[in-house]
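Reading through the structure tokens given below for one structure.
The values are calculated or read from the model by the stated rules, or taken from the named source; none is laboratory data. Note that this is a predicted model, so its numbers are computed, not measured. Here the Cβ positions follow ideal geometry from the backbone for every residue, glycine too, while neighbour counts run over all protein chains shown. With ligands, DNA and RNA removed, areas are computed over all heavy atoms of the protein, side chains included. Shrake-Rupley method; radii C 1.70, N 1.55, O 1.52, S 1.80 Å.
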Amino acid sequence: MQAAQYAEHIQILQHRTLEAIQREGIDGLIIHSGQSKHQFLDDNHYPFKVNPQFKAWLPVVDNPNCWLIVDGVSRPKLIFYRPLDFWHWVPDEPNDFWAEHFDIIMLKQANAVEKHLPYDRAKYAYVGEYIEVAKALGFDLVNPDRVLHYLHFHRAYKTDYELDCMRQANAIAANAHRAAKEAFFAKRSEFDINQAYLLAAQQGDNEVPYNNIVALNEHSAILHYMRLDTKTPAAHLSFLIDAGASYHGYAADITRTYAAQQGEFADLISQIDALTLKCVQALVPNVSYVDVHKVAYRGVGQILEDANILNMAGDDAVAEGIVSTFFPHGTGHFLGLQVHDVAGHVADDRGTPFPPPEQHPFLRCTRTVEPKQVFTIEPGLYFIESLLADLKGSAHSKYVNWNVVDRLRPYGGIRIEDNVIVHKERNENMTRDLGV
């Protein structure tokens, strides 16, 4: 099944490439996988991260100095780096399900690639990060806007192969989330919980799609907390884990929050969990993603009222913007080759800007929801010291029951995040389907 899906995937990429290069008036694209970077004043390298435009074509995510030559019509040409090297790992010759779709040339020396590239490079565009390499190889056209706008916009529509990869990534991440949950209730440290997660996923820190957020207690109020404290806290009150997994270069991105005991904070978790599912139901074709976010925003406002955190109506808290103190980020984003996948803020495939509304500046997507798009849905509720201090110093302070806030501060915050495929007549919640 995967082989058939992949063949169709290649044909779709060929079609997109042809349209993109015709808009630019060129003959093709030369896509660079990337190269290793030396650490400053050192002979060690930073972890290699492949160019997303490269891994869109094939699941080679760990090999620098590779090149793709594509024109939308001819069989794609892959220049595959395979050096003679006894210091480092050398990849096997390509023989997986994808290899038959490429004309493959082996490259022994990274700096010898020029002879394998088209002679007249004025008719080709370089797509990649290394501008100085492109210039040295004689490319005048580097990452052209018309090409990238088109490719990025249409990357939002996943092929069947891509959807299968994302289901596989979710399955890996779901299993690892179960292991992390067990480690939390076993009262382990953040560092140890993260190790349990990676062991269950069978992926290292540089293989998962982003640095795991493993936060105990008040650390859960730090939206991108990545410190991983090695000390076990005096008490395990709460646990937020935002962690994913990779499969053939595609990402899962799942968040769960737990309370050590039943009570006020556990009730809030249940309410945010229910709100997540409500937002998933709102994620339907022809609806603006901004409207999905507004469902989440209003929902958090109602929870703040119901939990007696605010002594005002939830709708009034929405109107006054007070909800943003407790829910300062967007409801979610596109998901795919990148965790925060591209083209969330454009109106069309020519890159016309479509920024988020002023009241919700951190919303990562303003697009209209359509079938075969994949989103995260992740409302949250947090007790963030700096934002609470600003609120307390404002005229809105009187609407806050500060005694309730003070009870909840040590728990940090809550986020529940699912990964959802939009179909024409239903949503596929990959995360919930796995029982997480």
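In Å², what does the accessible area per residue of the chain work out to with a 1.4 Å probe?
45 Å²
Pop out the carbon and sulfur fraction of the accessible area of the chain as a percent, whole number, probe 1.4 Å. Within the chain, the accessible surface is 50 percent carbon and sulfur.
Obtain the nm distance between the two label points defined at ASN206 and GLN359 by a simple spin-label model: each point lies 7 Å from its Cα along the Cα-to-C-beta direction. Placing both labels 7 Å beyond Cα along the Cβ direction yields 4.6 nm. The smallest convex shape that holds all Cα atoms of region 352-436, its convex hull, gives 147 Å³ per residue. Where a ≥ b ≥ c are the square roots of the eigenvalues of the C-alpha gyration tensor, would you call region 252-339 rounded, which needs a/c under 1.5, or, failing that, prolate if a/b is larger than b/c, or oblate? Since a/c reaches 1.5 but b/c is at least a/b, the shape of region 252-339 is classed as oblate. Could you work out the helix-only [θ] at 222 nm for the chain, with each DSSP H run of four or more residues adding -39,500 (n - 2.57) and the total divided by the number of residues, to the nearest 500 deg cm²/dmol? Roughly -10500 deg cm²/dmol at 222 nm, from the helical runs in the chain. Accessible surface comparison of TRP87, TRP57, probe 1.4 Å, protein chains only, largest first: the order is TRP87, TRP57.
Report, in whole Å, the centroid distance computed from the Cα atoms of region 139-191 and region 51-90. Cα centres, region 139-191 to region 51-90: 20 Å.
For the chain, the antiparallel share of DSSP beta bridges with both residues in that region comes to about 75%. Of the candidates HIS219, HIS329, HIS116, which one comes out as most mobile in a Gaussian network treatment of the chain with C-alpha springs shorter than 10 Å? Among HIS219, HIS329, HIS116, the largest mean-square fluctuation in the Gaussian network model of the chain belongs to HIS116. Accessible area per residue was computed with a 1.4 Å probe on protein heavy atoms; ASP349 scores about 30 Å².
Listed by chain and number, the aspartates and glutamates whose alpha-carbon sits under 15 Å from that of LYS135, ignoring those within fewer than 8 places in the same chain, are GLU114, ASP120. For the residues SER246, SER220, SER270, a GNM of the chain with alpha-carbon springs under 10 Å puts the largest fluctuation on SER270. Taking 7 Å steps out from each Cα toward its Cβ at LYS49 and ILE105 produces label points 3.0 nm apart. Over the Cα atoms of the chain, each weighted equally, I'd like the Debye log10 I(q)/I(0) at q = 0.08 Å⁻¹, rounded to two decimals. Debye intensities relative to I(0), on a log10 scale: -0.51.
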